[in-house]
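Single-structure report; data block below.
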Amino acid sequence: MEVKRPLPEITPFNEWFWTSGADGHLRIQGCDDCGALVHPPVPVCPQCRSRAHAPVVVSGRATVAAFTVNAHHWLPGFLPPYVIAVVALEEDPSVRLTTNLVNVDPEAVERGDVGIGAEVSVSFEQHDTVWVPVFEPTGRRLPNPVPEPSLPTPRAPLNDDRFEHRAVLSGIGRSDIGRRLMRDALSLTIDASLAAIADAGLDVSDIDGLSTYPGMAGMGMSEGGVSAVEEALRIHPTWTNGGGDLPGPGGAVITAMMAVASGMCRHVLCFRTVWESTFSTLRLAPPGGGIGGWMQWRAPYGAMSAAHWIGMNANQYLHRYGADRELFGRIAVNARTNAGRNPHAIYRESMTLDDYFDARPITSPFGLYDCDVPCDGAIAVIVSDASVADDLPSPAVRVEAVGTQILERVSWDQDTLTHEPQVLGQARHLWTRTDLRPDDVDVALVYDGFTFNAVSWLEALGFCGLGEAKDWIDGGRTIALDGPVPVNPHGGQLSEGRTHGFGFLHEAVLQLRGEAGERQVADANTAVVTTGGGTPSGVLLLRS
């Protein structure tokens, strides 16, 4: 049966790539001045800044850098199993394409007979006027084309002044959180917002700033942004912020802190709402048409989900460091164990490592319990001027430092493949802005859109070295509620529900206030919170 691929929208700017295969040749953007190859295409050479470029014929030979064998049926006419791969070009292994491996047994890829290091050669599938490049193994094995990751060097602070110290987290609130609540997203936002305002001892009229992530987004990922909340509550803010180009979802809080520190605001309402479950139930599909933007480089290959993009990195990690899925299973079981103490968690029933391995596969190496739980819910956080700290009804949570610097390419496939993209730079940046170190952290709230994300953050933050998590985690004892580094006491997104980062902030405040009930970490005075699952990410170090 012919694969029915989602096709890219052809424009004057990408037509040369998607029609290149008509003569059997793969073409990549090449700089006319320095000869650098660039993918995906951009208007300027990132090496020499030349604006002169043209398509260049390349050999079509490459090496598999990462892969995932997809088992889940995401698209009509695109039946599993199929193999998605990132391949590194022979001419320049730092230039990569997301693609499919064809004429290969997916089980052979799973076994490692054909996997990372396999040489592949391009061929093309014609679909209407589009020629989709796919790759077939040649039978040769080559070295791993992905270099050992180097820890980037962040910029040192300009001085000892820290804007972080001029703001506090003064209030938190949450709506109902659950599967398919069938409630309007804005109503969830208002519930969380009013709860947070009351928790801070404020009135709606005290709010003079609004901040959210990602703003007006579709697909059940937003309540409609700042404008919708302003209209509903009739707030008159002096400053607003919204959009996805922030340091992860927590970037809404970080930017609010900067607004408070600058004197623009005194109390900023930050909020994050998801209603993915209800959205999918109502089948509110986006309009059809060709695929544009960055998804044009992934959708034609059935790589529709972050599960695919992150799964390929996870397989590269397992290959490089000799770990196996038990590492990820320990993250999942720990999350579920903790969620059993959280009355707000969606999944609270106990889970064993055997249950983890028995779950249905999604896309290798991920099974069902490697993936976070789509849900409906809203969480709000109030950022206030630090001068009000002593007047709050609940203890203020102070921000010791943040980490935001981007030191890797903002790409799912062109730079970091050994870890989740966008964790190494931000994590290292954090430690330049404080004298505290990982040993000073009492509780870690790390983003776990997938189990591998949590592993990436733990290593990036320096709780252990790169590739050392399999030993450091000690069968799950290290990250348990009573372990040296308790991780996600609320169950994380893997069990509490996918609230896209804000759930970690909410839990951190409860822990540092000593209000987390049965899941309270003893003597929790310092918490690290990471938000971001491959997008530009952010890290906050919080103190009671």
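The values are calculated or read from the model by the stated rules, or taken from the named source; none is laboratory data. A quick note: this is a predicted structure, and the numbers were derived from the prediction, not measured. A quick note on method: Cβ atoms are made from the backbone with ideal geometry, for glycine too, and the neighbour counts reach across all protein chains shown.
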Requested in this report: Starting from residues that are touching an Asp or Glu at 6+ places or on another chain (Cβ under 7 Å) and buried (at least 24 other Cβ atoms within 10 Å of the Cβ), keep the ones in region 500-532 and report whichever is nearest to Ile479 (Cα to Cα).
Outcome: Ala527
Report task. Report yes if some residue within region 207-215 is at pLDDT 95 or above and assigned to a helix (DSSP H, G or I); otherwise report no. Result -> no
Requested in this report: Scan (1) assigned to a loop (DSSP other than H, G, I, E, B); (2) among the hydroxyl-bearing types (Ser, Thr, Tyr); (3) touching a Phe, Trp or Tyr at 6+ places or on another chain (Cβ under 9 Å) for the single condition Thr535 breaks and write down its number.
Outcome: (3)
Requested in this report: Look at Asp482 and say whether it is out of contact with any His (no Cβ under 8 Å at 6 or more places or on another chain), without any contact (Cβ under 8 Å) to a residue 24 or more places away in the chain, over 17 Å from Ala345 (Cα atoms) and of a type in the set (Asp, Glu).
Outcome: no
Query - The one condition in (1) more than 23 Å from Val521 (Cβ to Cβ); (2) surrounded by fewer than 18 Cβ atoms within 10 Å (Cβ to Cβ); (3) charged (D, E, K, R) that Asp440 fails to fulfil - result: (1)
Query raised in the report: Can you name the residue in region 102-118 that is touching a Pro at 6+ places or on another chain (Cβ under 7 Å) and not in a loop (DSSP other than H, G, I, E, B) and is also farthest from Asp23 (Cα to Cα) among such residues?
Result: Pro106
Report summary line: When region 226-252 is checked residue by residue, the ones that are within 20 Å of the chain's Cα centre (by Cα) and either within 20 Å of Gly263 (Cβ to Cβ) or crowded, with 20+ Cβ neighbours inside 10 Å (or both) are Gly242, Leu246, Pro247, Gly248, Pro249, Gly250, Gly251, Ala252
Query raised in the report: Just one of Asp435, Asp439 is without any contact (Cβ under 8 Å) to a residue 24 or more places away in the chain, in a helix (DSSP H, G or I) and assigned by TED's automatic domain parsing to the domain that holds Ile197; which is it?
Result: Asp439
**Report entry** Number of positions in region 501-532 that are part of a helix (DSSP H, G or I) and out of contact with any His (no Cβ under 6 Å at 6 or more places or on another chain)
**Finding:** 14
Query - Top-ranked residue of region 130-147 - restricted to ones that are touching a helix residue (DSSP H, G or I) at 6+ places or on another chain (Cβ under 8 Å) and outside any strand (DSSP E or B), ranked as surrounded by the fewest Cβ atoms within 10 Å (Cβ to Cβ) - result: Asn144
Query raised in the report: Of Pro8, Pro12, Pro43, which residue is surrounded by fewer than 16 Cβ atoms within 10 Å (Cβ to Cβ), within 31 Å of the chain's Cα centre (by Cα) and of a type outside the set (A, V, I, L, M)?
Result: Pro43
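Table: residues versus (1) modelled with pLDDT under 95; (2) over 24 Å from Arg409 (Cα atoms).
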| position | (1), (2) |
| --- | --- |
| Val64 | no, no |
| Phe67 | no, no |
| Leu75 | yes, yes |
| Ile84 | no, no |
| Val95 | no, no |
| Val104 | no, yes |
| Ala108 | yes, yes |
Query raised in the report: Do you know which residues across region 1-38 are modelled with pLDDT under 95 and within 16 Å of Arg51 (Cβ to Cβ)?
Result: Phe13
Report summary line: Those residues of region 188-212 that are surrounded by fewer than 16 Cβ atoms within 10 Å (Cβ to Cβ) and hydroxyl-bearing (Ser, Thr, Tyr) come to a total of 1
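Listed here are the residues, each with its yes/no results for (1) assigned to a loop (DSSP other than H, G, I, E, B); (2) of a type outside the set (A, V, I, L, M); (3) more than 28 Å from Ile346 (Cβ to Cβ).
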{"site": "Leu194", "(1), (2), (3)": "no, no, no"}
{"site": "Ile197", "(1), (2), (3)": "no, no, no"}
{"site": "Gly201", "(1), (2), (3)": "yes, yes, yes"}
{"site": "Gly218", "(1), (2), (3)": "yes, yes, no"}
{"site": "Glu231", "(1), (2), (3)": "no, yes, yes"}
{"site": "Pro249", "(1), (2), (3)": "yes, yes, no"}
{"site": "Ala261", "(1), (2), (3)": "no, no, yes"}
{"site": "Ser277", "(1), (2), (3)": "no, yes, no"}
